[in-house]
Amino acid sequence: MAYSGIVPAYQRRGIYGAFLRAFLPYLHALGYERVTSNHMVNNRLVLIAKLKAGFFITGVTLDERYGAQVTLTHFFYPDRRTGFARAYSVEDYSGAPDYRGLLTN
Ligand SMILES: CC(C)(COP(=O)(O)OP(=O)(O)OC[C@H]1O[C@@H](n2cnc3c(N)ncnc32)[C@H](O)[C@@H]1OP(=O)(O)O)[C@@H](O)C(=O)NCCC(=O)NCCS
């Protein structure tokens with residue numbers, strides 16, 4: 001996904017969240033395996049909206065135009081989500097939030 005935006009007068013009304021709830025299943029039905037996107041680190045609204053929609057933080061890059069970027073990935077298939085969680089989860093005793101519930105979605 002790249003360069004999506006909501007007209008300012010209509011922001012913060014749930015339009016983007018509703019768009020993701022419709023668009024992601026559509027892409028899944030088309031056969032896509034994953035969706036990735038890059039965001040400026042201070043764009044809290046889009047980061048929160050994407051995390052709520054099931055995206056994971058999968059990388060950080062430096063862009064010559066926009067500076068530090070967070071890469072987000074939405075895995076459509078549970079085995080991909082499980083593989084990602086296995087690779088990067090910390091042990092239970094660390095006090096980290098348990099997000100394994102996301103793996104069954
Ligand atoms: C980022 C953007 C696309 C989000 O669109 P939006 O329609 O405003 O987003 P939503 O209203 O669906 O809100 C998404 C989340 O933001 C938060 N949010 C919504 N209204 C809020 C408010 N009044 N106060 C604080 N947070 C709020 C919530 O976490 C919300 O999730 P929820 O609906 O599950 O509670 C939009 O703000 C935008 O176009 N920004 C400028 C362009 C841009 O930055 N695009 C992305 C480039 S990578």
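When you scan segment 67-74, do you find a residue that is touching an Asp or Glu at 6+ places or on another chain (Cβ under 7 Å) and either surrounded by 15 or more Cβ atoms within 10 Å (Cβ to Cβ) or touching a residue at least 60 places away in the same chain (Cβ under 8 Å) (or both), even just one? Looking for residues that are touching an Asp or Glu at 6+ places or on another chain (Cβ under 7 Å) and either surrounded by 15 or more Cβ atoms within 10 Å (Cβ to Cβ) or touching a residue at least 60 places away in the same chain (Cβ under 8 Å) (or both), one finds at least one in segment 67-74, hence yes. Taking segment 45-85 as the range and being small (Gly, Ala, Ser) and over 14 Å from Val35 (Cα atoms) as the test, the residues that pass are Ala49, Gly67, Ala68, Gly83, Ala85. The set of residues in segment 36-66 that are surrounded by 13 or more Cβ atoms within 10 Å (Cβ to Cβ) and more than 13 Å from the ligand (Cβ to nearest atom) comprises Phe56, Ile57, Thr58.
Output yes when any residue across segment 6-22 is within 14 Å of the ligand (Cβ to nearest atom), aromatic (Phe, Trp, Tyr), at pLDDT 95 or above and surrounded by 12 or more Cβ atoms within 10 Å (Cβ to Cβ), and no when none is. For segment 6-22, residues within 14 Å of the ligand (Cβ to nearest atom), aromatic (Phe, Trp, Tyr), at pLDDT 95 or above and surrounded by 12 or more Cβ atoms within 10 Å (Cβ to Cβ): present. Total residues in segment 1-37 satisfying the condition of being in a strand (DSSP E or B) and polar (S, T, N, Q): the figure is 2.
The values are calculated or read from the model by the stated rules, or taken from the named source; none is laboratory data. Treat the numbers as computed from the prediction; the structure is a model and nothing was measured. Note that each Cβ is placed from the backbone with ideal geometry, even for glycine, and that neighbours are counted across all protein chains shown.
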